[in-house]
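Just so it is clear, none of the values below were taken in a lab; they were calculated from the coordinates. This one's a predicted model, so the numbers in the text were calculated from it and none came from an experiment.
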Amino acid sequence: MAKAVKAHKKGLDGRAEERGRISHKHGNTRIDTLRKTYGDHFAAGRRGDMHLETLLKETGSASLHEYLRHHHK
């Protein structure tokens with residue numbers, strides 16, 4: 001009897017869930033990489049080689065999700 005293959009659910013921001021956890025972006029993710037997902041206007045006025053952790057510190061955001069809710073329209 002064949003095993004059923006479990007499909008991955010879509011998580012926060014379209015990231016796949018694995019074992020009930022949402023994969024989180026790492027602090028060393030570059031802004032230009034995030035612009036590929038969130039658009040060219042993501043973190044407008046900031047350099048593409050800036051890291052996510054720096055953006056979060058500068059904006060007082062605890063996570064990418066929080067930054068998106070408060071700063072990314």
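Each residue of the range 33-45 was assigned a 3J(HN,Hα) from its phi angle through the Karplus expression (A = 6.51, B = -1.76, C = 1.60, θ = phi - 60°), giving 5, 5, 5, 5, 8, 9, x, 5, 7, 5, 6, 4, x Hz with x at Gly and Pro. Residues whose amide H lies under 5 Å from that of residue 29, counting only those 5 or more places away or on a different chain, are 52, 53; hydrogens are built 1.01 Å from N in the peptide plane.
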